Amino acid sequence: MISETQPIKDDGLWYKDAVIYQLHVKSFFDSNDDGVGDVPGLIMKLDYIASLGVNTIWLLPFYPSPRRDDGYDIADYRGVHPDYGTVADVRKLIREAHARGLRVITELVVNHTSDQHRWFQRARTSRPGSAARNFYVWSDNDKAYAGTRIIFCDTEKSNWTWDPEANAYFWHRFYSHQPDLNYDNPQVLKEVLSVMRHWLDMGVDGLRLDAVPYLVEREGTNNENLPETHQVLKQIRAVIDAEYPGRLLLAEANQWPEDAQEYFGSGDECHMSFHFPLMPRVYMAIAQEDRFPITDIIRQTPDIPATCQWAIFLRNHDELTLEMVTSRERDYLWSVYAADPRARINLGIRRRLAPLLERDRRRVELMNSLLLSMPGTPVLYYGDELGMGDNVHLGDRDGVRTPMQWSPDRNGGFSRADPERLPLPVLMGPLYGYEAVNVEAQQRDPHSLLNWTRRMLAQRRQTHAFGRGTLRFILAGNRKILAYLRQWNDTIILCVANLSNAAQPVELPLQALNGRVPVEMLGGTPFPAIGELPYLLTLPPYGFYWMDLSADAAPPGWHASGPAQMPELTTLVLKSRGGAALTDSSRATLENEVLPEYLARQRWFPGSHAPARARLAYATPFTAAGGEYYWAEVEPEDGVEGLRAQAPFVLVWDETAQVQYLSLIHI
């Protein structure tokens, strides 16, 4: 058991020790049986979330919206969609979450709005050049910013869309119904800060800033990661630090590590940012059975300010994005994980974790062990703790946003409404359907994925090394093994993962830690101490170890030198109760197994090893109290020529008598 000698003070860096649970209100639980999940339903399920072992909830957009982009097309930043509840319900949710030790993160979509937002409706009817018009980016033609890539390449052919009412083109980096805000207009930032204060005053603990690399446009650039964008973020952060200390800004910046780390600034922009390039390389490493994709991208990741943190994940509400890989790597990942073309969308894969790994429990556990032990704050997507599936037949990314499966009851226990009223159907197949995969069943099964996840999260909470510690790779000769050390103060944890579908041996160069005892953290089992030679381990297919390298734990008792272990007892059968005559098979066992081992263990026996056979020469009875005593001699047939050894023994006909290893042989 890990015992850290330097506990964490309340330093405002709570997000470093967080485990985030991401969910969509509309898909979690329906409290009023209208077929749509809602905030009161989420409140009813807070105890379940807390029981998982997570400590932070990330809510996808719940604001008024046409929901053409599942809520990211916001029509009113300050309200709550009537299908989900009211502002009062959200206030209660925050209070109830805090009462259970859960923090709440919600969305601040700063890049764009819905075309139904009052700001856009006002802009399209306002005079060109006016402050109201300039809330958005307009052009008389669609040729400006020609060097900008199209993100949703499956559905959009241009980043400009003609608006007949405004008689001009408006700019959008995502869907054509999501016009981008214009941060060259100071009024835009003023309004965004006002919205931010609205939710922070309500008690929200953090805000995820959606699509932050695209806030500002400049001709002649690719319109991503511009210096002016970082100036906007610095102004947002300044308000957080001055008015809401201890609150969080989480950047969604799907960029290469050297660009993504810029969203931390020098500790004066976002507190956290997603590490998008790491996620596809974890899948690639397991597919290729090679640690290089992971070690390579971590080496490319620059150091970040001490108060900042990466957010890491395996899956989320969007596609498994493959933007931050090469074209060859993308084709490889598509061929392995999305052989069905319907699973592909834009530059990614719209599958959940379990279907991606073909329901292989070993790989699911291995992937989660990496998620929970790599540097950063892990994000779990709702339902992945159960191994929920997806529905590639639904449009857009809706296939990974289906209702949570609570029980084998109607609609998976999500809602008592008629099934046709649900915006997204529950899964009903034989492998991933709600009758096969649900919370109720897995809570009752101690070996379920749900309860395994709870145990892993409970173990992770025992140390700050995973959330705050340093990382150092141990590059062993076997490339199918990924090994690394996580260290925080005097705590050192060895993480070893077998990326292969076959058992693998590995020799780890751990001589610098000579004398420390690896203690397997999930079972508390001590392993032999590290010595002056490479440390040998053998891992089962897709197996992993978390080991606390303890400076004061004792090595296993069986590994220490001590008295020789006594031999196993042997059953011998007598021909009758009177006398010591053995059956033929028992006499052979006595002379070929029992007596040779007995002689070899005696200090007076002159041979260097046990004889192949020791013949019982004779056994003469004599009278004594407490049993039938016999005087006997045995003759070793090899090893010591001409030797006869006296070996008296006693027969005791008492079923309660305890067997003792004395100078007399007990049969």
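Key figures
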quantity: Relative contact order (%) - the stretch 211-274, alpha-carbon pairs under 8 angstrom, separation at least six; calculated: 32 percent
quantity: Reachable aspartates and glutamates from K92, criterion Cα separation under 17 angstrom, eight or more residues apart if same chain; calculated: D30, D38, D47, D83, D201, D205
quantity: Assigned charges on the beta-carbon of Lys, Arg, Asp, Glu; the stretch 224-311 dipole about Cα centre (debye); calculated: 240 debye
quantity: Cα-only radius of gyration and Dmax that characterise the stretch 59-98, units Å; calculated: 10.5, 32
quantity: Accessible area (Å², per residue) of the stretch 521-627, counting only protein heavy atoms and a probe of 1.4 Å; calculated: 62 Å²
quantity: E329 accessible area, assembled protein chains, probe 1.4 Å, Å²; calculated: 50 Å²
quantity: Added length on full extension, which subtracts the Cα-Cα distance from 0.36 nm per residue, T571 to A144; calculated: 144.4 nm
quantity: Net length gained if the chain between A502 and D11 were fully extended (0.36 nm per residue, minus Cα distance); calculated: 172.3 nm
quantity: Inter-label distance for R127 and R362, nm, one decimal - labels placed 7 Å from Cα along Cα-to-Cβ; calculated: 7.3 nm
quantity: Cα-projected label distance for A458 with T470, points at 7 Å along beta-carbon direction, nm; calculated: 3.3 nm
quantity: Å² of accessible area per residue within the stretch 262-357, as computed with a 1.4 Å probe and no ligands counted; calculated: 32 Å²
quantity: Positive minus negative residues near G387 (Lys, Arg vs Asp, Glu; Cβ under 9 Å); calculated: +1
quantity: Three-way shape call for the stretch 381-531 based on the alpha-carbon gyration tensor, with the a/c threshold at 1.5; calculated: prolate
quantity: Antiparallel bridge percentage (DSSP; both residues within the chain; nearest 5); calculated: 65 percent
quantity: Within the stretch 608-632: backbone nitrogen closer than 18 Å to the R587 label point (7 Å, Cα to C-beta); calculated: 613-621, 630-632
quantity: Solvent-accessible area, 1.4 Å probe, carbon plus sulfur percent, for the chain; calculated: 50 percent
quantity: Vicinal HN-Hα couplings computed from phi for the stretch 399-411 (Karplus, 6.51 cos²θ - 1.76 cosθ + 1.60; Hz; Gly/Pro x); calculated: x, 9, 10, 6, x, 4, 9, 8, 7, x, 6, 4, 6
quantity: Cα-projected label distance for E637 with T525, points at 7 Å along beta-carbon direction, nm; calculated: 4.1 nm
quantity: Long pairs among K45/K234; K16/K190; K26/K157; K26/K143, criterion Cα-Cα beyond 32 Å; calculated: K45/K234; K26/K143
quantity: Heavy-atom accessible area ranking, 1.4 Å probe, most first, across K92, K45; calculated: K92, K45
quantity: Dipole of the chain, positive end: most advanced residue of L422, T525, T326 [Cβ charges, Cα centre]; calculated: L422
quantity: Gain upon complete extension [L193, D331; 0.36 nm per residue less C-alpha separation]; calculated: 45.5 nm
quantity: Chymotrypsin sites (Phe, Trp or Tyr not before Pro), loop per DSSP, at most 13 other Cβ atoms within 10 Å - longest free stretch of the chain; calculated: 1-603
quantity: Options (1) 3, 13, 20, 20, 14, 8, 6, 6, 5, 3, 1, 0, 0; (2) 3, 13, 20, 21, 17, 13, 8, 4, 1, 0; (3) 3, 10, 14, 17, 19, 17, 11, 6, 2, 0, 0 - which one matches P(r) over Cα pairs in 10 Å bins from 0, in percent as calculated here; calculated: (1)
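The values are calculated or read from the model by the stated rules, or taken from the named source; none is laboratory data. Since the structure is predicted, the reported quantities are computational estimates derived from the model, not experimental observations. Quick reminder, even Gly has a Cβ in these numbers, built from the backbone with ideal geometry, and neighbours come from all protein chains shown. These accessible areas exclude ligands, DNA and RNA; they are computed on the full protein's heavy atoms, side chains included. Shrake-Rupley method; radii C 1.70, N 1.55, O 1.52, S 1.80 Å.
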